[in-house]
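Read-outs: derived from the displayed coordinates by stated rules, not from any lab. Just so it is clear, the structure is predicted and the values come from calculations on it, not from any experiment. Positions of Cβ are generated from backbone atoms using ideal geometry, with glycine treated the same way; all protein chains shown enter the neighbour counts.
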Amino acid sequence: MLRNYLKVALRNLWRSKGFTAINIIGLAAGLGVCLLIVLYVIDERSYDRYNDKAGRIYRISADIYFNNTSFQNAVTPKLLGPTLVSTYPRFLQMARLHNPSDILIKKGNDRILEHHQIFADSTIFKVFSFPFIAGDPNTALNDPHSIVIDESAARRYFNGTDVVGRTLETGSDNTILKVTGVIRDMPEQSHFHFSFIRPLRDTYNDDGSWLSNNYYTYVLVRPGTSPAEVQKAVDATINTNVGGELQQLLHASIDDLNKTGGHFRYPIMALTDIHLNSHLSGELEPNSNALYIYIFSVIAGLILLIACVNFMNLSTARSASRAKEVGIRKVAGSTQRHLIVQFLTESMLLSLFSLILALGIAVLLLPLFNNLAAKQLHPGMLFSMRFLPILVALALLVGCIAGSYPAFYLSSFQPIKVLKGKMAAGMKSSMLRSVLVVGQFVISIGLIVCTIVIYRQLNYIRNKEIGFNRDQVLVVHGTGDLGMEGVATFRKELLSLGGISDVTITSDLPTVGGGQYDAEGWFRDASLDAKKVLVMTTLFVDDHYVPTLGMQMVKGRNFNLAQFPTDSSAIIINEAAARLLAVKDPVGVTLWRPWNQSFQPKPFRVIGVVKNFNYNSMKDQIGPLILDLDNNSGSVAARFNTNDIFGLVRQVESKFHGIKEGIPFNYTFMDDDFNKLYHTEQQRGQIFITFAIFAIFIACLGLFGLVTYAAEQRMKEISIRKVLGARIGGIVGLLSRDFALLITIAALIAFPLAWWLMHGWLQTFAYRTGITWWIFLVAGATALAIALLTVSIQTIRAAVANPIKSLRSE
């Protein structure tokens with residue numbers, strides 16, 4: 001019986017080649033895009049799950065709020081992890097990471113700048129699953145000046161992995177590091193990646209204050225320990241230890257803070273949730289966003305739905321041509337169940353053929369998608385045993401959804417009516433088909449609106465006035481390796497070049513990202529009263545920072561050590577900080593800051609107010625900020641004014657190497673650095689736009705098929721109208737009118753839905769563009785134009801056909 005169903009289905013599909021081709025192409029395009037999105041979602045949801053104990057690892061972060069100022073960062077006090085493990089038996093291990101930074105390594109006569117160094121507890125290998133190729137994970141970081149490197153680094157520097165006992169020499173301070181272990185490269189699906197891991201003792205050591213947050217803390221708990229139990233232990237530890245220091249140094253308890261609306265919290269987050277759900281300052285690497293996973297999943301579903309609707313529309317539109325077949329089969333003894341199985345078999349075959357083509361489309365598009373999404377998805381994933389159930393389920397789902405209504409609709413025809421010719425209504429009679437067409441274009445028009453809004457927001461971010469001039473600024477990185485005197489000499493050498501107007505020495509540039517800046521507590525008086533503390537971002541800069549970056553002073557003046565030696569204890573605040581101080585004129589106000597390990601207060605006088613500038617993501621409001629005059633030689637930024645940019649870069653490189661030979665010259669342009677801050681948003685926007693275009697293409701493909709059959713059914717009507725003198729334009733308008741009405745209805749439904757979705761999305765940005773009326777006009781007109789163009793292609797063909805061919809049998 002099944003063989004007969006398959007044979008008949010194949011014959012029917014072959015007989016209607018145009019119908020089959022349109023359906024297969026439409027379904028394949030929808031399935032192909034859907035497969036790419038499924039791969040993307042699976043990849044995004046797999047982060048950090050390579051760890052054997054991933055379900056029992058938590059990261060602790062800081063959430064501190066004082067007097068309308070806040071600090072939300074992925075770091076904690078130094079002592080938090082060890083205290084939890086020693087106090088609570090349910091905490092098996094902890095690992096702290098500190099000071100993620102670059103490392104300069106000598107290789108022969110060259111010095112190579114590496115970007116993935118971290119200092120960590122030796123227990124890092126007991127918490128995380130980093131397989132060792134060589135060395136002992138239990139002792140690898142026990143000794144000072146030891147280092148564990150990954151496989152790629154081992155091959156880069158030693159041409160092999162059996163390198164335990166070999167040494168690396170740092171190029172900055174000539175420290176000899178002994179290789180004590182080699183690990184596999186960290187998987188791509190990890191929220192951090194480090195190639196060089198050194199003992200925590202090798203980095204600078206703070207005083208261990210509970211009010212100082214500088215360490216990334218991860219804890220491993222016993223099986224069966226609930227997140228609530230972990231959080232309760234963390235809260236108790238913080239209340240006991242932080243509360244004591246607050247009382248001693250700031251003369252206030254945690255309860256006092258709570259009464260004034262403040263808080264000192266350290267929330268936990270499961271390791272596997274970090275990549276999609278953590279968006280704190282100081283993240284080890286930029287994370288993704290669970291919202292986009294839901295958005296892309298919905299888009300995949302909508303694209304697949306559009307493809308299925310196309311199948312349903314085309315199948316029911318062909319009802320007139322298959323009505324007699326159904327009537328004869330019923331007269332010959334076929335039951336409705338047999339007919340339903342027959343039509344579902346056809347849809348399943350179509351779905352299977354489409355899936356095969358979709359796999360080819362997905363493989364061909366995967367390199368482009370990887371480039372667009374900055375992923376490393378492999379074609380082999382599509383054919384893996386893990387993915388096979390998804391493919392089978394997808395084919396069955398699409399076949400059932402697409403074929404269910406046509407199967408029940410066609411099998412319900414009454415043979416007497418059919419054989420008497422009373423079932424020729426075809427295209428014009430189906431209200432459901434009109435509803436489906438409207439549904440398709442609701443999705444398409446909504447996606448067009450969303451695409452325009454997303455493009456405008458991304459363009460707004462690129463071009464918004466941000467409070468500093470990021471154009472024509474060359475940033476030289478790694479200048480700290482020149483030493484303080486070397487950096488000062490380098491600055492003088494740069495100013496001697498004709499194309500450079502000013503130079504600032506600091507690594508706290510506004511294109512670094514807010515998570516890399518220090519947030520410190522500043523006080524209104526020397527009492528260091530917790531009720532008067534203000535947590536503000538602090539940038540350590542020199543006296544050329546403001547003019548080099550083109551910032552504007554709105555009150556007071558810039559630093560000037562040459563004329564005012566007392567500026568060594570002066571600060572500049574931004575407008576947000578001035579509002580926070582709530583004084584008529586903040587210039588001259590003195591703020592105090594704990595200065596040393598004994599928490600002694602040191603006064604700093606406000607000498608000026610700089611216009612607000614974006615130093616964080618535009619998803620955040622500009623917060624209170626302080627510019628502190630201090631040594632910070634990690635980078636040098638030079639403003640230039642020349643058309644010969646490459647010539648200038650060569651001159652700067654020559655000056656750089658003239659100060660100290662062998663140090664790699666690493667530079668960027670500030671406008672590129674700024675764009676990198678929003679690279680993730682740009683990528684997601686491009687992905688969304690690409691998927692939207694696919695959805696519109698598939699909708700138009702279905703519309704093309706519908707118009708083809710509508711024109712065939714009305715061919716005699718068109719021929720009679722031509723004989724009676726109708727023009728081609730009039731005939732095209734006649735056939736287009738029904739579709740134009742459906743698209744207009746779709747637009748009226750899509751507009752409020754799209755506005756609601758995009759309004760919610762824009763709320764995630766502190767600085768955003770608006771949703772103006774013309775966006776809806778353009779979206780509706782675009783959808784209508786695309787649809788009418790699609791309709792016109794077929795209707796013109798029908799209208800110019802020779803009427804004799806269709807009327808000769810009458």
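Structural remarks
- For the stretch 507-576, the gyration tensor built on C-alpha atoms gives an oblate shape. Its axis ratio a/c (a ≥ b ≥ c) is at least 1.5, and a/b is not larger than b/c.
- In terms of packing, defined here as the mean over residues of other Cβ atoms within 10 angstrom, the peptides 579-585, 546-552 line up highest first as 546-552, 579-585.
- In terms of distances greater than 19 angstrom between alpha carbons, the cross-link table entries K53/K178; K555/K611; K555/K602; K107/K492; K126/K375 yield K53/K178; K555/K602; K107/K492; K126/K375.
- Note: relative contact order over the stretch 217-288, using C-alpha pairs below 8 Å and six or more positions apart, is 23 percent.
- Distance between the stretch 107-158 and the stretch 550-588 - C-alpha centres, whole angstrom: 45 Å
- Prolate/oblate/rounded call for the stretch 480-635, Cα gyration tensor, a/c under 1.5 rounded: prolate
- Across the stretch 88-186, Cα pairs under 8 Å and at least six residues apart give a relative contact order of 28 percent.
- Radius 12 Å from Cβ of L36, net charge of other residues (Lys, Arg +1; Asp, Glu -1): 0
- Cα gyration tensor category, rounded, prolate or oblate, for the stretch 642-682 with a/c compared to 1.5: oblate
- Residues with amide H under 5 Å from that of A519, placed H, sequence gap 5 or more: T538
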